[in-house]
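J.: The structure that follows is given in the form of structure tokens.
The values are calculated or read from the model by the stated rules, or taken from the named source; none is laboratory data. Computed from a predicted model, the values in this text were never measured in an experiment. Note that each Cβ is placed from the backbone with ideal geometry, even for glycine, and that neighbours are counted across all protein chains shown.
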Amino acid sequence: MKKLKNDKKTNHKSNGVEKMEQDAVTMRNDLNELHPRTRFSAFEVKFILYAIHVINKDDWNERTANGSKKPDFSYPYKNKNISIPAAEFSKIIGSDNGHTYKELNAICASLIEKSIIVKSPEITAYFTWFNSIHFNKETNIMDFIFSDHVISRITGLEGSYTKTMLETIMKLKTYYSIWIYQLVIQHKKFFKRKITINNLLTYLGISDRKTYEKYSQFKRGVIDPSIEDINENSDIKLDYEEILEGRKIMAIVFKIKNKTKKLEYLTPIDKYKENKKESLKKELPKEAEEFFKITKNKK
């Protein structure tokens with residue numbers, strides 16, 4: 001079976017895994033807590049998150065056009081076709097052997113059929129991740145257009161959103177471990193997150209509850225292997241506490257520890273904000289600095 005070859009003619013260029021340390025995937029919190037109608041494969045969710053990363057970068061480049069350091073959030077992102085070379089994507093996810101046209105074509109067909117649900121207090125929305133996905137076996141390039149509902153949740157992000165490191169996501173081995181990581185990172189500042197068992201099953205797309213009718217099955221088949229994967233291959237350490245109501249386990253409190261002193265999730269927006277803070281410090285008059293020193297010493 002023919003393996004994919006790289007193609008130089010493409011609209012998108014990546015620097016590879018070795019240069020992705022500061023590259024993040026950002027999405028609005030309600031999208032992070034989506035309700036997939038069916039579970040995804042690890043390959044599918046990695047493609048989705050990598051595609052979001054590509055859109056994040058394109059969105060930032062548009063909002064800082066003409067050399068402007070300040071992003072312009074006054075207009076919505078214009079949805080458009082994005083191209084990714086298939087061989088390059090295989091490299092990003094750490095596949096040494098690449099993928100065949102048949103495999104990638106099957107993934108594209110699967111993704112376009114899978115719907116998701118996003119709930120808020122006001123509305124419940126049903127949609128798919130993508131409007132269209134095309135895979136050209138001659139050029140080995142994947143072209144995709146996100147659905148408008150997704151685009152509005154991954155571009156122009158100023159409010160509450162979740163950031164995860166692209167390099168870390170690509171190292172995780174299963175869909176369950178990737179999405180549990182996404183869910184706990186959303187609460188990383190609090191170092192813990194409580195999720196009911198029912199909600200966790202929903203977030204992970206486990207619609208057939210008979211598969212994990214007993215909590216012990218869910219723990220053995222999903223929770224423990226996912227935590228082992230996250231602890232081994234990510235930038236955090238996870239532990240959990242089971243919450244009982246009567247004699248039944250109803251929720252889990254995930255406890256988050258950083259492997260390093262500080263987790264760096266710097267999106268272009270974060271970098272802009274940090275640079276702005278530094279600029280204000282430099283512009284602070286010496287008289288004001290002396291005033292703050294005197295005031296501090298009086299306390």
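J.: Of (1) among the β-branched types (Val, Ile, Thr); (2) out of contact with any helix residue (DSSP H, G or I) (no Cβ under 8 Å at 6 or more places or on another chain); (3) within 19 Å of Lys248 (Cβ to Cβ), Ile185 satisfies all except one. Which?
T.: (3)
J.: Kindly indicate the residue of the stretch 177-189 that is surrounded by 20 or more Cβ atoms within 10 Å (Cβ to Cβ) and in contact with a Lys or Arg (Cβ under 8 Å, 6 or more places away or on another chain) and also farthest from Arg28 (Cα to Cα) among those meeting that condition.
T.: Residue satisfying both the conditions and the ranking: Ile178.
J.: Hey, can you tell me all the residues within the stretch 117-133 that are among the hydrophobic types (A, V, I, L, M, F, W, C) and either in a loop (DSSP other than H, G, I, E, B) or out of contact with any Leu (no Cβ under 9 Å at 6 or more places or on another chain) (or both)?
T.: Residues satisfying the conditions are Ile123, Ala125, Phe127, Trp129.
J.: Can you name the condition, by its number, that Ile84 falls short on among (1) within 17 Å of the chain's Cα centre (by Cα); (2) β-branched (Val, Ile, Thr); (3) within 19 Å of Leu166 (Cα to Cα)?
T.: Going through the list (1) within 17 Å of the chain's Cα centre (by Cα); (2) β-branched (Val, Ile, Thr); (3) within 19 Å of Leu166 (Cα to Cα), Ile84 breaks only (1).
J.: Tell me the residue from Val118, Val54 that is touching a residue at least 12 places away in the same chain (Cβ under 8 Å), touching an Asp or Glu at 6+ places or on another chain (Cβ under 7 Å) and among the β-branched types (Val, Ile, Thr), please.
T.: Result: Val118 is the single residue among Val118, Val54 that is touching a residue at least 12 places away in the same chain (Cβ under 8 Å), touching an Asp or Glu at 6+ places or on another chain (Cβ under 7 Å) and among the β-branched types (Val, Ile, Thr).
J.: Working only within the stretch 232-250, note down all residues that are closer than 28 Å to Ile93 by Cβ and either among the small types (Gly, Ala, Ser) or in a helix (DSSP H, G or I) (or both).
T.: Passing the criteria: Glu232, Asn233, Ser234.
J.: Hand me the list of strands (runs of 3 or more DSSP E) wholly inside the stretch 134-231 holding 1 or more residues that are under 21 Å from Leu111 (Cβ atoms).
T.: 141-146, 161-165
J.: Collect the residues in the stretch 211-242 that are among the β-branched types (Val, Ile, Thr) and surrounded by 15 or more Cβ atoms within 10 Å (Cβ to Cβ), keeping them in residue-number order.
T.: Val222, Ile223, Ile227, Ile230, Ile236
Yes/no per residue for (1) surrounded by fewer than 17 Cβ atoms within 10 Å (Cβ to Cβ); (2) touching a Pro at 6+ places or on another chain (Cβ under 8 Å); (3) at pLDDT below 75:
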{"position": "Lys46", "(1), (2), (3)": "no, no, no"}
{"position": "Ala51", "(1), (2), (3)": "no, no, no"}
{"position": "Val54", "(1), (2), (3)": "no, no, no"}
{"position": "Thr64", "(1), (2), (3)": "yes, yes, no"}
{"position": "Ser68", "(1), (2), (3)": "yes, no, yes"}
{"position": "Asn81", "(1), (2), (3)": "yes, no, no"}
{"position": "Ile92", "(1), (2), (3)": "no, no, no"}
{"position": "Tyr101", "(1), (2), (3)": "no, no, yes"}
{"position": "Ala106", "(1), (2), (3)": "yes, no, no"}
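J.: While we're looking at this one, here's another question. If you take the residues of the stretch 57-68 that are in a helix (DSSP H, G or I) and in contact (Cβ under 8 Å) with a residue 60 or more places away in the chain, which of them is nearest to Thr174 (Cα to Cα)?
T.: Lys57
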